[in-house]
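All remarks here apply to the structure that follows.
The values are calculated or read from the model by the stated rules, or taken from the named source; none is laboratory data. Bear in mind the structure is a predicted one, so any value in this text is a computation, not a measurement. Please note: Cβ atoms are built from the backbone with ideal geometry, for glycine as well, and neighbour counts cover all protein chains shown. Only protein heavy atoms, including side chains, enter the accessible area calculation; ligands, DNA and RNA are left aside. Shrake-Rupley method; radii C 1.70, N 1.55, O 1.52, S 1.80 Å.
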Amino acid sequence: MRAIAADTELSSSDALKAAVHQHRAISFNGALERLFTLAFGGLVYPQIWEDPVVDLDAMELAPDHRLIAIASGGCNVLSYMTRSPESIVAVDLNPAHIALMKLKLAAAWQLPAHEQFRRFFADADSHANTAAYHAFLRPGLDDETRRYWEKKTLNGRRRIDMFARRFYRHGLLGRFIGVAHLVARLYGVRPESIINMSDLAEQRIFFDDHIAPIFDKRLVRWLTGRRLSLYGLGIPPAQYEKLAGGRSMAEVLIERLRKLACDFPLSENYFAWQAFARRYDTGAAAALPPYLQREHFSAVKHGAARITPYLGSFTQCLKTHEAESLDRYVLLDAQDWMTDDQLNELWSEITRTARPGARVIFRTAGEATILPGRVKADLLERWSYEAERSRILGYRDRSAIYGGFHLYQLRAAPQ
């Protein structure tokens, strides 16, 4: 759901357009693409929707590893730092995501205790957070980031005030989930009731009896059949078709939602809490992203200085790195957005900058890897696709949104 593009001369806004705009502006598809880039211009993901535990297992990070990743909401970048790699570059085309990344870094550096850090980014619903912003975070932010968080929106409130008003209900994704809850309530269903279920069996019964039938409703099938309706999930027109895979979108969404609701205990799945309760669990033993867990606070606090935010395209950022200088690459699902030319330029830069043993991980809307037949054979032959490991890791991904998880490892250079 994040974009990476290829042109080194493009601004982040232009790079987003280059990644998404694949049709003429006056065409129907072209109009949809331009509506998407307009929607993607602000905060999209208050929380990232890729499972960092799966990522960490796939990457097997070591202290001397240098990592480059798409930032998105910043959750996973900070979670990777729990393994204390040497450095992380966090790249994003969206200035709002970079501002959120910088806010989280300032909080890790400056907030004195885990309780305050958790209150800010886990509870995200206290006026004490805005007081902490002024006392601890604001002095360490650059002018541009301060302006972003202190700017008033159309409702007359500053953006930083979102952390006093349930931050995870904001942004494009937060509002999308809110609308989905409203639609469910039109049919007499309260999705948040699932958090009261005591085990997987009860979760499955609740889902089959209450949530699944909603997708048979005529209005819901019509809505999900419109590509515009999924912009709130960060799905552009090109990715919509890949996600559908020839089936109705209602079928696909119910399949993915069933995995989210039924395949993992709620006590272990914070993605399900966000989808169904629109918040994190607040209990003492709550399931939280690794970076928010008490036992990892010290590693995150000490490692935050080794994270470098970068506003721009992934390929553009790679071109600033020396040959054989990076070990791990996290592309999220960005390649679903890309043309063949963009894919080939990206993989040329990945291969140039990769150290021996480097690994690349990414996700796709569909099940299969999208690289064969699109990336040039001489490039792709440098990489080994770990098919069985990818399948297992994809099954374990608690976010349940994607069709496939993919792990590539650099082969030894030919002698």
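Structure above, values below:
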| quantity | calculated |
| --- | --- |
| ³J(HN,Hα) computed for each position of region 266-271 - Karplus, 6.51 cos²θ - 1.76 cosθ + 1.60, integer Hz, glycine/proline x | 4, 5, 10, 10, 6, 5 |
| Gap separating the Cα centres of region 323-401 and region 175-224, nearest whole Å | 34 Å |
| Whole-Hz couplings from phi, Karplus 6.51/-1.76/1.60, listed for region 284-291; x for Gly and Pro | 4, 9, 5, 6, 9, x, x, 5 |
| Length added when fully stretched, Ala284-Arg175, from 0.36 nm per residue minus Cα-Cα | 36.5 nm |
| Reachable aspartates and glutamates from Lys319, criterion Cα separation under 13 angstrom, eight or more residues apart if same chain | Asp7, Glu9, Glu345, Glu349 |
| Distant-in-sequence amide H partners of Trp383 (H built 1.01 Å from N, under 5 Å) | Arg411 |
| Computed FRET value (nearest 0.05) for Ala412 with Arg147, which takes r as the C-beta separation and R₀ as 60 Å | 0.80 |
| Ranked by how many other beta carbons lie within 10 Å on average, peptides 365-373, 147-155 from highest | 365-373, 147-155 |
| Of all accessible heavy-atom area on the chain, the percent that carbon and sulfur account for (1.4 Å) | 53 percent |
| Contact order normalised by residue count of the chain, Cα under 8 Å, 6+ apart, percent | 24 percent |
| Computed over region 299-415: relative contact order in percent, which uses C-alpha pairs under 8 Å that are six or more apart | 27 percent |
| Accessible area in square angstrom per residue, the chain, 1.4 angstrom probe | 41 Å² |
| Distance (nanometres) between label positions extended 7 Å along Cα→Cβ at Glu202 and Leu154 | 4.1 nm |
| Sequence-distant residues sharing a close amide H with Gly404 (under 5 Å, placed H) | Thr364 |
| Value at 222 nm in deg cm²/dmol, rounded to 500, when DSSP H runs of n ≥ 4 in the chain each add -39,500 (n - 2.57) | -11500 deg cm²/dmol |
| Extension gain from Ile195 to His134, taking 0.36 nm per residue of separation minus the Cα-Cα distance | 18.5 nm |
| Cross-link pairs beyond the 21 Å C-alpha cut-off, checked among Lys104/Lys259; Lys104/Lys301; Lys104/Lys151 | Lys104/Lys259 |
| Accessible area (Å², 1.4 Å probe, nearest 10) - Asp341 | 130 Å² |
| In sequence order, calculated HN-Hα J values of region 131-136 (Karplus, 6.51, -1.76, 1.60; Hz; x Gly/Pro) | 5, 5, 4, 5, 7, 10 |
| Virtual spin-label span in nm between Glu86 and Tyr187, 7 Å along Cα→Cβ | 5.3 nm |
